[in-house]
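The structure appears below as structure tokens.
The values are calculated or read from the model by the stated rules, or taken from the named source; none is laboratory data. The shown structure was predicted, so the numbers you read here are calculated from the model rather than taken from an experiment. Cβ placement follows ideal geometry from the backbone for every residue including glycine, while neighbour counts extend to all protein chains displayed.
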Amino acid sequence: MASRAGAISDGALRVAGPPRYWPGRLLKHLVLLAVVAAALVPLYFMVVNALKTDQEYLSNPYGIPRDATLGAFGDALRGGELGRWLLNSFVISAASVILSTAIAALAAYPLALMRWRPGTWLLSILIALMVLPPIVLVVPLFQLTADVEQLNTYRSVIAIYTGLLLPFSTFLLVSFFRTVPRELLESARIDGAGHLRRLWSIVLPVSLPALATVATVQALWVWNEVLIAVVFLQSEDLRTLMVGVTIFRSRYHLDIPLVMAGMVWATIPMVALYLLLQRFFIRGLTAGAVKG
């Protein structure tokens with residue numbers, strides 16, 4: 001009995017010991033920590049310098065502020081330009097995301113859940129469009145927009161953003177819609193629900209995680225996009241935030257805390273959007289699938 005107990009205790013000690021391949025795991029964690037540091041260091045530099053005065057930044061550009069102040073944040077908004085750029089970006093981003101998500105959901109439903117021969121070809125075309133760089137479309141889109149006299153308007157930029165977002169959004173929703181249980185759709189069909197009713201009452205509630213992911217990715221892309229906003233919105237009153245921040249940085253390049261405060265203002269909406277939609281990533285996993 002004693003020898004058996006000793007053997008068991010020795011086996012337990014061996015199991016509880018360090019992993020066999022701990023050097024590989026250590027290397028993997030070190031690489032991950034390096035990636036996290038590379039992402040957080042610029043954020044740290046931006047936030048801490050936005051809380052400094054210009055004199056404190058010149059004396060200590062990398063350290064924590066001794067006397068933190070929010071003066072730079074107020075100065076960045078005082079001229080009114082930053083607020084106008086924020087509003088422009090919000091209107092364009094919200095309209096583009098809502099339109100592209102709605103159209104992508106309507107397109108993904110037949111491609112994923114209805115049996116029709118052209119569906120495979122259309123999905124292949126969408127995948128091909130995903131690898132097309134937007135820069136090659138700028139010249140023809142500019143000519144088309146000028147011909148219909150829609151330059152310097154919200155409508156033109158929203159339409160362009162919606163079209164550019166559709167391939168990725170539709171492809172992602174098609175992949176997720178295919179995981180919807182067919183039994184739910186068949187039960188709804190037997191109860192007399194049409195395709196739109198099934199999409200609205202079953203597919204979309206079950207697909208909330210995918211919809212939240214699509215909306216977040218779309219909003220981040222539109223919010224940070226510069227090329228199309230520069231080309232198609234040439235009026236100063238219609239500039240988006242990213243275009244305005246570029247001008248803001250060149251205008252106040254000697255006042256680094258003011259520039260950093262402007263960049264923090266530009267970052268806050270997207271961080272808030274992510275924190276808001278993060279709840280739906282988990283809640284949407286079971287929404288609509290059990291309760292009818």
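Mind checking whether some residue in the range 189-209 is within 30 Å of residue 76 (Cβ to Cβ), small (Gly, Ala, Ser) and over 24 Å from the mean Cα position of the chain (by Cα)? Taking every residue of the range 189-209 in turn, none turns out to be within 30 Å of residue 76 (Cβ to Cβ), small (Gly, Ala, Ser) and over 24 Å from the mean Cα position of the chain (by Cα).
When the range 123-137 is filtered for residues that are surrounded by fewer than 16 Cβ atoms within 10 Å (Cβ to Cβ) and over 18 Å from residue 218 (Cα atoms), the ones remaining, listed by number, are 124, 125, 128, 136, 137. Taken over the range 31-88, the criterion of being of a type in the set (Asp, Glu) and more than 20 Å from residue 269 (Cα to Cα) is satisfied by 54, 56, 67.
Tell me, yes or no, whether the range 223-240 has at least one residue that is at pLDDT below 90, among the small types (Gly, Ala, Ser) and in contact with a helix residue (DSSP H, G or I) (Cβ under 6 Å, 6 or more places away or on another chain). For the range 223-240, residues at pLDDT below 90, among the small types (Gly, Ala, Ser) and in contact with a helix residue (DSSP H, G or I) (Cβ under 6 Å, 6 or more places away or on another chain): absent. For residue 140, the criteria (1) free of Cβ contacts under 8 Å to residues at least 12 places away in the same chain; (2) in contact with a Phe, Trp or Tyr (Cβ under 9 Å, 6 or more places away or on another chain) hold in every case but one, which is (2). Within the range 46-67, residues that are outside the structural domain of residue 261 (by TED's automatic domain parsing) sit with their Cβ atoms under 8 Å from residues that are in a helix (DSSP H, G or I) and among the hydroxyl-bearing types (Ser, Thr, Tyr), at 6+ positions apart or across chains, in these pairs: 46/267; 49/57. Residue pairs whose Cβ atoms lie under 7 Å apart, sitting 6 or more positions apart in sequence or on different chains, and linking a residue in the range 145-162 that is of a type in the set (S, T, N, Q) to a partner that is part of a loop (DSSP other than H, G, I, E, B), are 145/151; 152/233; 152/234; 152/235; 156/150. Kindly indicate the residue of the range 80-93 that is assigned to a helix (DSSP H, G or I) and without any contact (Cβ under 8 Å) to a residue 40 or more places away in the chain and also surrounded by the most Cβ atoms within 10 Å (Cβ to Cβ) among those meeting that condition. Result: 83. When we screen 153, 213 for residues that are surrounded by fewer than 19 Cβ atoms within 10 Å (Cβ to Cβ), at pLDDT 85 or above and under 30 Å from residue 232 (Cβ atoms), the only hit is 153. Here residue 272 does not qualify as more than 30 Å from residue 56 (Cα to Cα), assigned by TED's automatic domain parsing to the domain that holds residue 140 and in a helix (DSSP H, G or I). Which of the residues spanning the range 94-116 are surrounded by 17 or more Cβ atoms within 10 Å (Cβ to Cβ), hydrophobic (A, V, I, L, M, F, W, C), within 21 Å of residue 127 (Cα to Cα) and within 17 Å of the chain's Cα centre (by Cα)? Passing the criteria: 97, 99, 104. Residues in the range 43-79 that are part of a helix (DSSP H, G or I) and among the small types (Gly, Ala, Ser): 50, 59, 71, 72, 74, 76.
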